[in-house]
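Written out below as structure tokens is the structure these notes cover.
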Amino acid sequence: MDNNMMVSVRNLKKYFGDVKAVDGISFDVKKGEVFGLLGPNGAGKTTTIKLLLGLLEPNDGEITVIGMNPEKEEVEIKRRVGYVSEEPLIFKSLTPKDLFSFIASIRQLDEEEVSAKAQEYMDSLGASDYYEQLIATLSHGNKQKVQIIAAILHDPDLLILDEPLAGLDAKSVKVVKEILDIHIENGGSVLFSTHIMEIAQQLCNRIGIINKGKMVGIGTIEELRQQANKLGANLEDVFLRLTEQDTSVIEIVQKLRKSFKNGK
Ligand SMILES: Nc1ncnc2c1ncn2[C@@H]1O[C@H](COP(=O)(O)OP(=O)(O)OP(=O)(O)O)[C@@H](O)[C@H]1O
Ligand SMILES: [Mg+2]
């Protein structure tokens, strides 16, 4: 295998009945890279991520994650990957402290080291007050912080994050960005999905734009601009063009303005 390839996806397909959630996408995430998946609601980002982790079985196509097949080596992949899911944490009846110690035990990590590290992360994310509170009672953003910490405690080679910054306050977004930077500086790689253009633009080396289960653009911002025929444009305009939403937004806004005026 190519040691520089953390994720390799070829012609991946996943159908739910008639819904082609993922319809033949291909992309790679190289070592040391931050790769962003961008796409409208329902585009197939979460489905793609779940396929990479072996949480769903594909209908067709090939996936390699750190040289492994998720269908066959799900456990080893989980050992090398840190995952932040889209849904809130499932361990609601635990406190963050219990959760981190549980993670240390199942991942066979040094309990004291993990505890010190986790407390430092909780502190840096302004969540140390919640260390011993039930996760069920935490706010959405604080649950998200616990989930991010839980994903990085074992120093994974690859972080796969499904909208990691959704619901975080400005300072926490900054700290999480720093955490991702440190992860990259230490030889890690990142694949994450987001709706936030600014974040994608700031953090990603390359971006894949998914629309209706298909990859409609892939590359650096500059390459995406070329693919969209929009040189010099910002990522939002490039995104709307590639996902064929640019004209519909203008029409929707015009309609809204008209009906608002008529209603007055
Ligand atoms: N378990 C499922 N059963 C049936 N359909 C599903 C299932 N999971 C996803 N889908 C459908 O697959 C498509 C892709 O969904 P997915 O969750 O991957 O989108 P997404 O890009 O993550 O969207 P969002 O930005 O809203 O999170 C959608 O049409 C969704 O309704
Ligand atoms: Mg999703």
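Below, the figures for the structure above:
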| quantity | calculated |
| --- | --- |
| Projected area averaged over orientations for segment 43-88, convex hull of C-alpha atoms, nm² | 3.6 |
| Amide H partners (placed H, <5 Å) of LEU161, local residues excluded | VAL84, LEU191, PHE192, SER193 |
| If the convex hull is drawn through the Cα atoms of segment 1-75, its volume per residue in Å³ | 88 |
| Per-residue HN-Hα couplings for segment 137-142 [Karplus 6.51, -1.76, 1.60; θ = phi - 60°; Hz; x = Gly/Pro] | 8, 7, 5, 3, x, 6 |
| Projected-area average for segment 53-205 over all orientations - Cα convex hull basis, square nanometres | 9.5 |
| Segment 10-34 and segment 104-155: distance between their alpha carbon centers, rounded to Å | 31 |
| Farthest positive-ward along the chain dipole, Cα basis, beta-carbon charges - from ILE103, GLY82, LEU153 | GLY82 |
| Cross-link table LYS145/LYS212; LYS45/LYS171; LYS50/LYS97; LYS117/LYS177; LYS14/LYS214, entries beyond 21 Å C-alpha to C-alpha | LYS145/LYS212; LYS45/LYS171; LYS50/LYS97 |
| Ellipsoid equivalent to the chain - semi-axes via the Cα gyration tensor, in Å | 32, 24, 18 |
| Of all DSSP beta bridges in segment 98-233, antiparallel share, percent nearest 5 | 50 |
| Farthest toward positive dipole pole in segment 1-81 [+1 Lys/Arg, -1 Asp/Glu at C-beta], among LEU51, VAL7, VAL34 | VAL34 |
| For the chain: relative contact order, % (alpha-carbon pairs under 8 angstrom, 6 or more apart) | 24 |
| Antiparallel DSSP beta bridges within the chain, as percent of all bridges there, nearest 5 | 55 |
| Environment charge at LYS72 (Cβ cut-off 15 Å; Lys +1, Arg +1, Asp -1, Glu -1) | -3 |
| Debye-sum result for segment 1-142 in log10 I(q)/I(0), which assumes one identical scatterer on each alpha carbon, at q = 0.21 Å⁻¹ | -1.23 |
| Nearest-20 debye value, segment 1-128 charge dipole, Cβ charges on Lys, Arg, Asp, Glu | 280 |
| Positive-end residue, segment 214-264 charge dipole about Cα centroid, Cβ charges, pick of PHE239, ILE221, PHE260 | PHE260 |
| Helix-only [θ]222 nm of the chain, DSSP H runs n ≥ 4, -39500 (n - 2.57) each, per residue, nearest 500 | -12500 deg cm²/dmol |
| Whether segment 166-264 is rounded, prolate or oblate, judged on the alpha carbon gyration tensor where a/c under 1.5 counts as rounded | oblate |
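Every number in this text was worked out from the coordinates using simple rules, so none of it is lab data. Keep in mind that what you see is a predicted model, and the values were worked out from it rather than measured. FYI the Cβ positions are ideal-geometry reconstructions off the backbone, even for glycines, and counts take in every protein chain you see.
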